[in-house]
Every structure is written in structure tokens, then in C-alpha cells.
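Here the structure comes first, spelled out in C-alpha cells, and everything after it is commentary.
The values are calculated or read from the model by the stated rules, or taken from the named source; none is laboratory data. These figures come from a predicted structure and were not determined experimentally. Positions of Cβ are generated from backbone atoms using ideal geometry, with glycine treated the same way; all protein chains shown enter the neighbour counts.
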Amino acid sequence: MSPLPLADMKFLLSAEDPARIGPCAAEAAFVGRSNVGKSSLLNALCRMTMARVSGTPGCTRTINVFQVGRERWLVDLPGYGFASGPRAQREGWGPMIEGYLTGRPGLRMVCALVDAKVGPTKLDLMMLEWLKAAGLPWRAVANKADQVKPSRAQARRRDVAQVLGLKPEELAWVSAKAGLGLAGLRAELAARLDS
């Protein structure tokens, strides 16, 4: 399988209710706090602008599904933490995300994004603990690595990994903007979606 069949990539649907999303053979989801770059990373991995990107935290307000091959999906989930928008709507995102993640038998990987420069927040650590407790397949991904000075990158990756309880090589170190680390993550996603 090629690194995600880009020719077939297309926006499939948006939903607020996970129960309204039909079955899929294999899918990977992107979670993280608002403004960590989930949509930008998804676009960079697929080499096309499909997911809506905004400078305003909380732009993604629904479960957005993208087809990247026959019965293969990438899913962009709303961010947690600070976000713009009505409070009642923001409070509904937690149950929406949890409902999606726990109700998808075809879920092969959850890319749990953290900010490479800022490091894991309390909410990021809570999300990872929840993913572990739920027994879901997850991968820690540090995005925005381009914002870390090259001379500090190795030490910063080690520090972020340590906070997450991981070895540095277990933390995907990427930049949607600069393209850093995307080939490896793209290949890993393709392999998971093809398993």
C-alpha cells in the first residue's frame, strides 16, 4: 500500500452525534487541545487542504471524516481546552469525542497531539490516561516541532517524552508546517489502516 492513497482522498461527512457515523473497516483519529494543529497536520499528511484550519482555537466543532481509500478514514475531532464558541456547545465536545472513540470497532490508531514547544498540558495528560484506561490504540504526536530551535530539539523531545512516560523514539516529533517527521507518521498511519 502506498503512503495513504491520496488520489482517493475526499471529505466524507461531519457529524455531532457519533451514532450517526456509519461503519468503516479501518480509521485513525486525531485528538488534542484546541489550536495544537490537528487539522493542519491532517492536511499536511495528505498533501492537500481538506480539513478547515483557523487561527481561532476551537474551529473544529464536529467530527469530520475524510476518506483516504476504500473503507479507510482519517477523522478530525474537536479540540479540548480553551476554544471559542458558545459554552454549551464546547461542553458537548467531551461526550462527543468520548462517544466517537469508544464506539468505533474499526479504530486502528488515535494520534494524541501535544504542542512540541509548550509541552503536554494537564488536559493532554488526562487524555492520554483516558486513552490508556479505555484500552484504545494511541500514538503520542508532538506537533509544531518547527517552533523548537534545532539546537534544542533533541533535548526538548526527550523532555516532552519523559513527561508523557515515553522514550524519545516513542514520541512522533513532527511539524505540519515544515514537513518534519511526516513521512514516518504517514507510513505508520498507512500500515495501521491496512492492518
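The table for this structure:
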{"quantity": "Matching entry among ALA7, ALA15 (being among the small types (Gly, Ala, Ser), over 25 Å from ALA116 (Cβ atoms), surrounded by fewer than 21 Cβ atoms within 10 Å (Cβ to Cβ) and modelled with pLDDT of 90 or more)", "calculated": "ALA15"}
{"quantity": "Inter-residue pairs, beta-carbon under 9 Å, first under 17 Å from THR121 (Cβ atoms) and in the range 16-36, second in a strand (DSSP E or B) and among the small types (Gly, Ala, Ser), 6+ apart", "calculated": "PHE30/ALA112; VAL31/ALA112; GLY32/ALA112"}
{"quantity": "Residue in the range 28-42 that is more than 16 Å from the chain's Cα centre (by Cα) and either modelled with pLDDT of 95 or more or surrounded by fewer than 19 Cβ atoms within 10 Å (Cβ to Cβ) (or both) present", "calculated": "no"}
